[in-house]
Amino acid sequence: MTEARTAAIGRNAALVGGMWLALAIGTAGAQATPAGLWRTIDDATGKPKSLVRIVEQDGVLSGRIERLFDPDPKWDGRCDQCRDERKDQPVLGMTILTNLRKDRDEYSGGDILDPENGNVYRCRLRVAEGGTKLEVRGFIGISLFGRTQSWLREE
């Protein structure tokens, strides 16, 4: 093989490798945002509980319940424990995440509603594991007093 041909093959391999790397970085970057569909997991049973769609508009994230898995057949599907305008409204379609903004490597400054008890907590989100997991921390006052759930990307 001539030296020119070897150099051309090397350049082509580098070009193809660079394209794959750019594609991989682009895909990882696209998944580095909380925007998308997330499967929540029940803390007590470890089973899927709901699907929450997080959207970004003008740099602000919000999230709405799109699907409920295996709800209690005796439950009427309404947020009877809520104490704000969501009181007695259907949980399906309800906005439970509001006003989250990017702050370095996380999203914070917003709130999350727990429809089971009607409590609204301050909230912080952090994308983990290459965009496949979302760490959702709800807390009262400071982040030390709260709990973290891991949601799994559905898309």
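What follows is calculated from the coordinates using simple rules that are stated; it is not laboratory data. Remember, predicted model here, so these are calculated numbers, not experimental data. Because the Cβ atoms are built from the backbone with ideal geometry, glycine has one as well, and the counts that use them run over all protein chains shown.
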Response to the item:
Kirkwood calc, the range 20-155, C-alpha pairs only, radius in angstrom 15.5 Å
Fill in: Sequence-distant residues sharing a close amide H with residue 94 (under 5 Å, placed H)
65
Worksheet item: Quick one: if you stick a label point 7 Å off each Cα along the C-beta vector at residue 155 and residue 64, how many nm between them?
Response: 1.4 nm
Worksheet, complete the sentence: Residue-ordered couplings for the range 124-136, obtained by feeding phi - 60° into the Karplus form 6.51 cos²θ - 1.76 cosθ + 1.60 and rounding to whole Hz (Gly and Pro as x), are 9, 10, 9, 6, 9, 6, x, x, 8, 10, 10, 8, 10
Worksheet entry | Cut-off under 5 Å, modelled amide H: who pairs with residue 49 long-range | 40, 41, 42
Worksheet item: Once the dipole of the range 56-155 is set up with Lys and Arg at +1 and Asp and Glu at -1 on Cβ about the Cα centre, which of 61, 91, 146 lies farthest towards its positive end?
Response: 146
Fill in: Estimated inter-spin distance, residue 85 and residue 114, nm [label 7 Å along Cα→Cβ]
2.4 nm
Worksheet entry | Amide hydrogen neighbours beyond the local backbone of residue 154, cut-off 5 Å, H modeled | 37, 38, 39
Discussion item. Using each residue's phi in the range 92-104, evaluate 6.51 cos²θ - 1.76 cosθ + 1.60 at θ = phi - 60° and report the 3J(HN,Hα) Karplus result to the nearest Hz, with x for Gly and Pro.
Written reply: 5, x, 6, 7, 10, 10, 9, 6, 8, 10, 5, 9, 6
